[in-house]
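This report refers to the structure that appears directly beneath it.
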Amino acid sequence: MDARVELVHLPRQGSAVPPNYTDILREVCQMVGVDHAAYGAVIPGTDAIYSYATYPEEWIKVYAERRFQEVDPSLMKVFSRITPLDWSTLAGDPHFQAICAAGAEFGVPSNGVTIPVRGPGGDTGMLAFSKQCSAEEWARIMQGRAGTFMLYAAHFHDNVISQVFNEDVAPTKTKERPTLDAREIEVLRAVSECGKPQEAASNLGVALRTIEAHLRTIRIRLRALTNGHAVIRAKALEII
């Protein structure tokens, strides 16, 4: 990438950019047990990184004002990689040290990993996960969840490219409108109304494991990362 690159934080671009992927990132963080997540995408023909992040707004503003995106190795090195970049390998990098020192004032963790994603249309993405913890605890997290991080990164990038940039990333045979059966619609509507699978199970008079099984199928069919994302997708498609 060119050294001169703008950081475009998508939530600041107004309601014309759907849906609120920052909320989806927060839900993903809870599911995988980390504190924060940050996403960036580079679209061919542009000189910008389009981003979402769960970091404090003050830190996002400082990061952009100081143009850290142009020197941040946890970001810039990823665009030339195909494997995850554990931030522990950047400990001796002066740019990384300076960014971590600045971020510490806002409670930003220095333990993390950045996952690269390559899209079919030449688009490139990255999804970073971070947690305030000891180096030993982070090593255990990476050992147990690296595969999960990579899966979320791929799905998140595909969703942003298709929903925000209106690019169809699905194979031709799967381009038809997704559908849910009557029971799945009932389950998703119940989750949408009460917010939690446990309450939906109680309201529908079924076991929680039954609701969770339906939700797994629903997420796959709607190409959603989380239950909240599935609700958003279903409402956008006028399924519920």
- Item | The lone exception for Leu7 - which of (1) assigned to a helix (DSSP H, G or I); (2) within 20 Å of the chain's Cα centre (by Cα); (3) more than 17 Å from Ile161 (Cβ to Cβ) it fails | (1)
- Message: Checking Thr54 against (1) at pLDDT 95 or above; (2) in contact with a Phe, Trp or Tyr (Cβ under 7 Å, 6 or more places away or on another chain): exactly one of these is not met. Which one?
- Response: (2)
- Message: Residues that are under 26 Å from Lys235 (Cβ atoms) and among the aliphatic types (A, V, I, L, M): does the stretch 89-103 have at least one?
- Response: no
- Query: Looking only at residues in the stretch 140-159 that are among the small types (Gly, Ala, Ser) and either surrounded by 14 or more Cβ atoms within 10 Å (Cβ to Cβ) or in contact with a Pro (Cβ under 7 Å, 6 or more places away or on another chain) (or both), which one is modelled with the highest pLDDT?
  - Reply: Ala153
- Mind checking which residues of the stretch 187-240 are in contact (Cβ under 8 Å) with a residue 40 or more places away in the chain, open to solvent by 60 Å² or more (accessible area, probe 1.4 Å) and touching a Leu at 6+ places or on another chain (Cβ under 7 Å)? Arg221
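Any residue at all in the stretch 91-100 that's open to solvent by 10 Å² or more (accessible area, probe 1.4 Å), free of Cβ contacts under 8 Å to residues at least 60 places away in the same chain and under 23 Å from Arg12 (Cβ atoms)? Reasoning before the result, please.
Going through the stretch 91-100, the residues open to solvent by 10 Å² or more (accessible area, probe 1.4 Å) turn out to be 91-100.
Next, only the ones that are free of Cβ contacts under 8 Å to residues at least 60 places away in the same chain stay: 91-100.
Narrowing the set further to residues that are under 23 Å from Arg12 (Cβ atoms) leaves 99.
Yes, because at least one residue in the stretch 91-100 is open to solvent by 10 Å² or more (accessible area, probe 1.4 Å), free of Cβ contacts under 8 Å to residues at least 60 places away in the same chain and under 23 Å from Arg12 (Cβ atoms).
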- Message: What pairs come out if I take residues in the stretch 130-150 that are within 14 Å of Gly112 (Cβ to Cβ) and of a type in the set (D, E, K, R) and pair them with residues that are part of a helix (DSSP H, G or I) and open to solvent by less than 30 Å² (accessible area, probe 1.4 Å) whose C-beta lies under 7 Å away, six or more apart or interchain?
- Response: Lys131/Trp138; Lys131/Ile141; Arg145/Val32
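Scan Ala146, Ala128 and give me the residue that is closer than 22 Å to Thr22 by Cα and in a helix (DSSP H, G or I). Before you say what the answer is, go through the steps one by one.
Numbers: Ala128 fails: in a helix (DSSP H, G or I).
Result of the check over Ala146, Ala128: Ala146.
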- Per the filter on the stretch 108-143, residues among the basic types (Lys, Arg), touching a strand residue (DSSP E or B) at 6+ places or on another chain (Cβ under 9 Å) and closer than 17 Å to Met31 by Cα are Lys131
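Could you go through the stretch 171-183 and let me know if any residue there is under 26 Å from Gly33 (Cβ atoms), without any contact (Cβ under 8 Å) to a residue 60 or more places away in the chain and of a type in the set (S, T, N, Q).
Let us first name the residues in the stretch 171-183 that are under 26 Å from Gly33 (Cβ atoms), namely none.
No, every residue in the stretch 171-183 fails to be under 26 Å from Gly33 (Cβ atoms), without any contact (Cβ under 8 Å) to a residue 60 or more places away in the chain and of a type in the set (S, T, N, Q).
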- Item | Unmet criterion (only one of (1) surrounded by 17 or more Cβ atoms within 10 Å (Cβ to Cβ); (2) out of contact with any Ser or Thr (no Cβ under 7 Å at 6 or more places or on another chain); (3) of a type in the set (A, V, I, L, M, F, W, C); (4) over 19 Å from Ser88 (Cβ atoms)) for Met76 | (4)
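The values are calculated or read from the model by the stated rules, or taken from the named source; none is laboratory data. Remember, predicted model here, so these are calculated numbers, not experimental data. In this analysis, Cβ positions are derived from the backbone assuming ideal geometry, glycine residues included, and neighbour counts consider all displayed protein chains. Keep in mind that these areas ignore ligands, DNA and RNA; they rest on the heavy atoms of the full protein, side chains included. Shrake-Rupley method; radii C 1.70, N 1.55, O 1.52, S 1.80 Å.
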